[in-house]
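Before any comments, here is the structure.
The values are calculated or read from the model by the stated rules, or taken from the named source; none is laboratory data. The shown structure was predicted, so the numbers you read here are calculated from the model rather than taken from an experiment. Methodologically, a virtual Cβ is constructed for each residue, glycine included, from the backbone with ideal geometry; neighbour enumeration extends over all protein chains shown. The accessibility values were calculated without ligands, DNA or RNA, using every heavy atom of the protein model including side chains. Shrake-Rupley method; radii C 1.70, N 1.55, O 1.52, S 1.80 Å.
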Amino acid sequence: MRESWRWFGPNDPVTIADIRQTGATDIVSALHNIPTGQAWPLAAIQEHQALIEDCAADLSPLTWSVVESIPVHEDIKLGRPGHQQYIDSWITSMENLAECGIKTICYNFMPVIDWTRTDLNYKLPNGAYALRFDQPKFAAFDLFILQRENAQAEYSAEEITEAQAVFDAMDDAERTQLTNNIIAGLPGKMTDAYGLDDFRQMLGNYIDMDSAGLRSNLFAFLSQVLPRAEALGIKLAIHPDDPPRDMLGLPRIICTAADLDILFAALPSPSNGITLCVGTYSSRPDNNLPEMAKQFGPRIHFSHLRGVSRDPQEQRSFYEASHLDSDIDMIQVVQELLLEEQRRRVDLSDEQGIDEIFIRPDHGHQMMDDIGKTVNPGYSGIGRMKGLAEVRGVIRALSAQISASSQTNKGNPA
Ligand code: DNO
């Protein structure tokens with residue numbers, strides 16, 4: 001298992017020198033300044049790689065191992081005429097990354113919005129701050145701020161009344177804050193910042209698109225990308241839709257184990273894989289994370305480790321809990337990932353290196369010296385380091401157990 005850490009580039013307040021102190025060995029990054037749809041030039045990748053990897057000989061080295069993400073142009077998701085140029089650029093970026101030895105690529109296929117939260121400063125009882133998604137607030141945005149056409153039909157009368165009350169209780173500043181959080185506020189988003197009018201227009205492009213249509217556009221994209229990825233030794237790792245369900249009238253197609261079954265039945269290429277984002281998948285109660293880690297083991301190339309605590313009354317609302325204290329059994333998930341790596345080891349001869357799973361502490365609380373600093377929401381320094389340290393302890397303890405029991409089994413063949 002390789003401990004990685006997301007770095008947003010030279011403007012990230014958590015610097016490469018900071019990351020080195022966390023003990024992470026690998027970096028997850030992207031060229032965020034290149035507009036969606038344009039190919040990433042080799043020289044730009046090399047320059048970014050040098051920022052990460054060049055260091056004095058007496059410092060612990062860091063390696064840019066994972067890309068998160070190469071954004072997928074909306075025209076590809078919409079299957080619009082002329083979208084082929086964007087697929088070609090995506091493939092060129094992938095080829096240039098392979099040339100630099102960067103071979104794990106996370107991406108997503110969420111229309112219009114990427115990940116979404118309603119509160120970026122949800123105060124926890126211990127005084128730290130977490131990210132939160134509040135369903136009634138989201139409905140208030142959809143129904144009364146965005147005033148999306150036909151939105152009313154997607155909510156029950158009770159939900160509309162509740163959303164109205166939430167909306168009425170907010171002042172203008174809170175409404176603006178909520179709007180910004182949803183349409184423009186989060187780091188690493190695949191969409192450019194826009195206003196409400198553009199946002200409405202972008203949503204409108206999907207008015208006739210259902211899940212089947214979006215899925216067939218994903219498969220058309222992948223059927224061009226995967227053969228090239230295979231030839232280059234690249235592993236693609238699709239990130240789930242966060243939160244994992246349809247929203248704002250948009251279809252979302254990577255939400256459950258059943259969605260992944262459909263994906264792999266259609267495109268079994270070994271390069272077709274997933275980012276097991278534990279926090280995202282566990283934002284709905286019908287996803288069993290340890291089971292998914294086991295079922296999709298060989299397809300997991302990258303994993304975001306964090307958990308959520310869902311609201312007992314409204315299971316679509318959640319906050320991002322501490323890495324080991326959430327609704328999911330993180331220890332069991334890590335155990336399954338380690339067992340998967342062990343299977344990979346058995347399947348290969350000793351000389352071949354196995355494809356280790358890259359993990360990163362996903363999101364962290366804003367705590368201690370993070371508070372009062374400008375940090376990218378979810379991407380604090382101390383909060384994430386706490387998450388990484390906790391998860392590292394679990395990995396070390398379980399790895400020791402797994403290797404002890406495999407030694408015993410070797411000594412006592414059945
Ligand atoms: C949030 C992230 C997402 C993710 C993309 C992957 O913290 O997990 O922004 O990077 O959706 O393509």
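The table below gives the values:
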item: Within the range 184-302: Cβ-based charge dipole about Cα centre, in debye rounded to nearest 20 (Lys, Arg +1; Asp, Glu -1); result: 360 debye
item: Of all accessible heavy-atom area on the range 118-245, the percent that carbon and sulfur account for (1.4 Å); result: 47 percent
item: Karplus 3J(HN,Hα) series, Hz, for the range 20-34 with 6.51 cos²θ - 1.76 cosθ + 1.60 (x for Gly, Pro); result: 4, 6, 6, x, 5, 10, 10, 10, 10, 7, 7, 8, 5, 7, 8
item: Charge-dipole axis of the range 80-227 as Lys and Arg at +1 and Asp and Glu at -1 on Cβ define it, positive-most pick from Asn217, Trp90, Asn121; result: Trp90
item: Gln224-Glu158 pseudo-label distance in nm [points 7 Å out on the Cα-to-Cβ vector]; result: 4.7 nm
item: Heavy-atom accessible area per residue - the range 57-136, 1.4 Å, Å²; result: 35 Å²
item: Stretch gain in nm, segment Asp58-Gln38, where the contour uses 0.36 nm per residue and the Cα spacing is subtracted; result: 3.5 nm
item: Simple label model, 7 Å out from Cα along Cβ direction - Arg20 to Ala266, nm; result: 4.5 nm
item: Antiparallel %, DSSP beta bridges [both residues in the range 296-414], to 5; result: 55 percent
item: The chain - charge dipole about Cα centre, Lys and Arg +1 at Cβ, Asp and Glu -1, debye rounded to 20; result: 820 debye
item: Whole-Å distance, taken between Cα centres, linking the range 39-67 and the range 276-290; result: 32 Å
item: Rg to Rh, two decimals, where the range 82-144 supplies the alpha carbon set and Rh follows Kirkwood; result: 1.21
item: Computed lengthening from Asn126 to Ile331, 0.36 nm per intervening residue step minus Cα-Cα distance; result: 71.5 nm
item: Kirkwood Rh and Cα Rg combined as Rg over Rh, evaluated for the chain; result: 0.96
item: Spin-label model distance (nm) - Gln85 vs Ser216, 7 Å beyond Cα toward Cβ; result: 2.5 nm
item: Placed amide H near Ser303: partners under 5 Å, 5+ positions off or other chain; result: Leu276, Phe358, Ile359, Arg360
item: 5 angstrom amide H check on Arg6, placed H, neighbours 5+ away; result: Val28
item: Value of relative contact order over the range 241-343, rounded to a whole percent, pairs C-alpha under 8 Å and six or more apart; result: 23 percent
item: DSSP beta bridges in the chain [antiparallel fraction, %, rounded to 5]; result: 30 percent
item: Spin-label proximity, Ser405 to the range 308-334 - amide N less than 14 Å from point 7 Å beyond Cα toward beta carbon; result: 332-334
item: Mean separation of Cα contacts under 8 Å, 6 or more apart, over the residue count of the chain: relative contact order %; result: 16 percent
